[in-house]
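Read through the structure below, which is laid out as structure tokens, and then see the notes.
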Amino acid sequence: MIDKILADQIAVTVNKLYNLSLSASELSISKTRKEFVGDYTLVVFPFVKAARKSPEQCANEIGQTLVAQYPFVESFNVIKGFLNIIVSGSEWLNFFGQEFNKSTFGFAETKSDETIVVEYSSPNTNKPLHLGHVRNNLLGFSVSQILKANGKNVKMVNLVNDRGIHICKSMLAWAKYGEGETPESTGLKGDHLVGKYYVLFDKHYKEEIAGLIESGYKKEEAEKSAPLILEAQAMLRKWEQGDAETIRLWKMMNSWVYQGFDETYKRMGVSFDKIYYESETYLLGKDLVQKGLASGVLFHKEDGSVWCDLTGDGFDEKLLLRADGTSVYMTQDLGTAMLRYNEFKPEKMVYVVGNEQDYHFNVLRLVLKKLGASWAKEIYHLSYGMVELPQGKMKSREGTVVDADDLIDGMVQTAREMTEQLGKLDDFSSEEAKLLHYNIAMGALKYFILKVDPKKTMMFNPAESIDFNGNTGPFIQYTYARICSVIRKAAERGIKVSDKLTYGIEILGEKEKSLIKMLHDFPGVVQEAGNNLSPALIANYIFELAKEYNQFYHDHYIIHEEVESIRQFRLDLSSFTASVIKNGMNLLGINVPGKM
RNA sequence: GGUCGCGUAGCUCAGCUGGAUAGAGCAGCAGCCUUCUAAGCUGCGGGUCAUUGGUUCGAAUCCUAUCGCGAUCACCA
């Protein structure tokens, strides 16, 4: 980008002047802050010693040399140790035009062979998706889009946790208390129906425990010997033995859940290339353990359990097989990672999983490495923070979880109310209006979540998330819709919208220049975000862009009285801005409506 | 207790590979609809960047220590 080219040339000049050998990346060159005059700023403090001159002398010297040597350096000014460089408009635009023709916003045109597997979502089939899953899904999907835009061959995968004692709990509760209820008979979404029985199990289980404690049991004993939990464990054993009736029940209830999940995924706008089921993968990893034992990486304890000694690496010993030969979470994950690696031979495997599993992934990488997997270092744990509510943490047992479907319903409802209140959609058909409500609601929700740094614990305030003012998705959608409106209206007046910025350079103001430069830097942002896996960065960038455009719009309120060249330029600018906003929002998985 | 993460305006968050006077939005106050979308715009007030010591021309940013909050250290997944 222009920054780099500029930096290269400045490096040549500085090196020659002071007999140094600095690379462009070692120079501190940034865009000039808006309160100062200039386009780019070089910090000269680092050369002061070599130059044996004051910062001001040094900066002036470099500035004069640059102006003399390069036509695109128009002039400069010096404030303390800061050299502000002013780039010549026409030279700069010339460069800009070339770059613009070469590529559109830096999205790779050719796909690389590099495959990246992104695992996200990974729900349990015993309860509906909640707010925490929403953050997971949006992050996973956004990151995948960002990587795709960077030319990677992305495989989005989901590992569904469809077996285990927790699944048996809801199965058992349904069998005992369900009276044959189905999604059809109740009108409930399948995942909600199953979730209802999971809660019901917990309720009855707690009652049994309380009863046992009253009759003299200790708490731990009561928890272990309550009839319900024993029954659930028995059911799990039956499942593992392939008992026909148990499997039938399990398949039926899971199919309800999947239908419910599909609906929620669809509403969130996320999708997967491949879905793994834990019931099919939970035995994986055992052969890895055998190999590990053979090679001496793993060892047996007296009771027959298998462990990996990680004490030399700052971790504890890690269990991989129980004494009875059954595997644990880590064993399965080792097996699944191996399976996935062999299947895709990816350059990187991204796991979108909450930060409470940081330890797990550190251990996973380490054990894989010890087992001889050279690719273990390519596992990237996209670790995200919890979502908290104003009342505190979400706890399913205390009923303080925010259900994903309820949340989306609420957002759509609010969008509808706001829209009707403003009376803007009078000329919309009911279908159009419905779609718009959905787009606005999801835009608000998605942006609200994605604008926060993934690794940080975030506060989810329902009241604020549906605010349509300020740094929000709807603000950006609104801005985009207005740009489209300008273009549309101009077309009605017969003004052509061209793709190239070849007009009006003489009348470019500072604002236009800085706006175009911001757009021009967009590819860099994508690149950086792709590498850092940070949708938050893109979200904030798009907001800045939308804000800048709004400012521009208000500064040039009356366009139809202006001269043709200015019109032409403004239109180019508008269409350019529009596409950048749209591309950026697409990266985040947010729809932007053309009119609002 | 060990390890990891976080601490920036009343609130929610940017900024963190060291650069100029630390930025947005919300909330509060004062203005702006005859023109293309007021879901908007303008202005005002609001800060010991948790504390401490260091590194240097320069620290919210890097390092030490302390305090506070959280996660984790399961034969749960």
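The values are calculated or read from the model by the stated rules, or taken from the named source; none is laboratory data. Please read these numbers as outputs of a predicted model, since none were measured by experiment. Here the Cβ positions follow ideal geometry from the backbone for every residue, glycine too, while neighbour counts run over all protein chains shown.
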Given the criterion of a type in the set (Lys, Arg) and under 35 Å from the mean Cα position of the chain (by Cα), identify the matching residue among A:Arg52, A:Arg33.
A:Arg33
Go through the range A:227-243 and give me each residue that's of a type in the set (D, E, K, R) and either loosely packed, with under 13 Cβ neighbours inside 10 Å or part of a helix (DSSP H, G or I) (or both).
A:Glu231, A:Arg237, A:Lys238, A:Glu240
Given the conditions (1) among the aliphatic types (A, V, I, L, M); (2) under 17 Å from A:Leu22 (Cβ atoms); (3) within 13 Å of RNA strand B (Cβ to nearest atom); (4) at pLDDT below 90, report the number of the one that A:Ile86 does not fulfil.
(2)
Which condition number in (1) farther than 14 Å from A:Gly325 by Cβ; (2) surrounded by 14 or more Cβ atoms within 10 Å (Cβ to Cβ) is the one that A:Tyr282 fails?
(1)
Among (1) of a type in the set (Phe, Trp, Tyr); (2) assigned to a helix (DSSP H, G or I); (3) more than 10 Å from RNA strand B (Cβ to nearest atom), the one test that A:Tyr359 misses:
(3)
Working carefully through the options A:Leu249, A:Leu284, find the one that is part of a loop (DSSP other than H, G, I, E, B) and either in contact (Cβ under 8 Å) with a residue 40 or more places away in the chain or under 30 Å from A:Val134 (Cα atoms) (or both).
A:Leu284
Under the condition of being of a type in the set (S, T, N, Q) and near RNA strand B (Cβ under 6 Å from one of its atoms), which residue from the range A:462-490 is nearest to the chain's Cα centre (by Cα)?
A:Asn471
Cβ pairs under 9 Å, 6+ apart or interchain, first in the range A:34-49 and closer than 15 Å to A:Leu6 by Cβ, second charged (D, E, K, R) and near RNA strand B (Cβ under 7 Å from one of its atoms), ordered by first then second residue, are A:Thr41/A:Arg33
Going through (1) under 29 Å from A:Glu544 (Cβ atoms); (2) assigned to a helix (DSSP H, G or I); (3) at pLDDT below 80 one by one, A:Ile10 fails only at (3)
Anything in the range A:341-356 that is within 17 Å of A:Asp273 (Cα to Cα) and within 16 Å of RNA strand B (Cβ to nearest atom)? List them, or say none.
A:Tyr351, A:Val352
Selection from the range A:146-158 of residues buried (at least 19 other Cβ atoms within 10 Å of the Cβ) and touching a Pro at 6+ places or on another chain (Cβ under 9 Å) yields A:Ile146, A:Lys155, A:Asn158
Out of all the residues in the range A:423-448, which are assigned to a helix (DSSP H, G or I) and within 10 Å of RNA strand B (Cβ to nearest atom)?
A:Ala433, A:Leu436, A:His437, A:Asn439, A:Ile440, A:Ala441, A:Gly443, A:Ala444, A:Phe448
Among the numbered conditions (1) under 13 Å from A:Lys127 (Cβ atoms); (2) over 35 Å from the mean Cα position of the chain (by Cα), tell me where A:Asn161 comes up short.
(2)
Give the residue, chosen from A:Thr326, A:Thr336, A:Thr311, that is farther than 26 Å from A:Val452 by Cβ, of a type in the set (Val, Ile, Thr) and within 8 Å of RNA strand B (Cβ to nearest atom).
A:Thr326
In the range A:24-50, which residues are more than 6 Å from RNA strand B (Cβ to nearest atom) and among the β-branched types (Val, Ile, Thr)?
A:Ile29, A:Val37, A:Val44, A:Val48
Go through the residues of the range A:35-45 one by one and say whether even a single one is part of a helix (DSSP H, G or I), out of contact with any Ser or Thr (no Cβ under 8 Å at 6 or more places or on another chain) and not polar (S, T, N, Q).
yes
Of the residues that make up the range A:193-209, is at least one free of Cβ contacts under 8 Å to residues at least 60 places away in the same chain, part of a helix (DSSP H, G or I) and under 24 Å from A:Thr336 (Cβ atoms)?
no
Just wondering, is there one or more residues in the range A:339-348 that are surrounded by 19 or more Cβ atoms within 10 Å (Cβ to Cβ), under 28 Å from A:Asn137 (Cβ atoms) and under 35 Å from the mean Cα position of the chain (by Cα)?
yes
For the range A:377-405, give me each residue that is closer than 27 Å to A:Lys266 by Cβ, at pLDDT 90 or above and of a type in the set (A, V, I, L, M).
A:Leu382, A:Met386, A:Val387, A:Ala404
So which strands (runs of 3 or more DSSP E) stay within the range A:306-356 end to end and still have 3 or more residues that are touching a Gly at 6+ places or on another chain (Cβ under 9 Å)?
A:348-354
Evaluation of A:Thr246 against (1) of a type in the set (Ser, Thr, Tyr); (2) buried (at least 19 other Cβ atoms within 10 Å of the Cβ); (3) at pLDDT below 90 (one fails), failing number
(3)
